[in-house]
Amino acid sequence: QVQLVESGGDLVQAGGSLRLSCAASGSIFSINTMGWYRQAPGKQRELVATITRGGSTSYGDSVKGRFTISRDNAKNTVYLQMNSLKPEDTAVYYCNIKTAMYEYWGQGTQVTVSS
């Protein structure tokens, strides 16, 4: 059984910052890619950022230059530092991890940015 525990979602004013964390535990032998996705009301889930085991990163166009993804392989934890937040960043943020054989999702953490 694999569990992903997300934390850090909150209500913040536009221009503010938040840091999301996602810790994976359970029967995980080797995590390849870790990432964050988000889903706003009435919209499809979209990529926010991903990071490989080696540290290569990719970002959705709307967050480039504002968000930074990082990971601690020893702790099986991925982080998302979000700066210069905008109201359009409001969404449920989901942690995602991929191993060689499986993919896992967290339950989501709400981020709300007020104008």
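Any read-out appearing in this document is the output of simple, stated calculations on the displayed coordinates, not a laboratory observation. From a predicted model like this one, the values you see are computed outputs, not experimental measurements. Cβ coordinates were reconstructed from backbone atoms using ideal geometry, including for glycine residues, and neighbour counts include every protein chain displayed.
When the Cα positions of ALA40, LEU18, LEU80 are compared along the charge dipole of the chain, LEU80 comes out farthest toward the positive end, with charges on each C-beta of Lys, Arg, Asp and Glu. Straight-distance candidates among the lysines for linking to LYS64, with alpha-carbon spacing under 19 Å and chain neighbours fewer than 8 residues away dropped: LYS86. Note: relative contact order over the chain, using C-alpha pairs below 8 Å and six or more positions apart, is 36 percent.
Loop only by DSSP, 11 or fewer other Cβ within 10 Å of the Cβ. Give me the chymotrypsin sites (Phe, Trp or Tyr not before Pro) in the stretch 1-60 that pass, ordered by residue number. When the chymotrypsin sites (Phe, Trp or Tyr not before Pro) of the stretch 1-60 are filtered for loop state and at most 11 Cβ neighbours within 10 Å, PHE29 remain. When only the Cβ of Lys, Arg, Asp and Glu is charged (+1, +1, -1, -1), the dipole of the stretch 1-95 relative to its Cα centre reaches about 140 debye.
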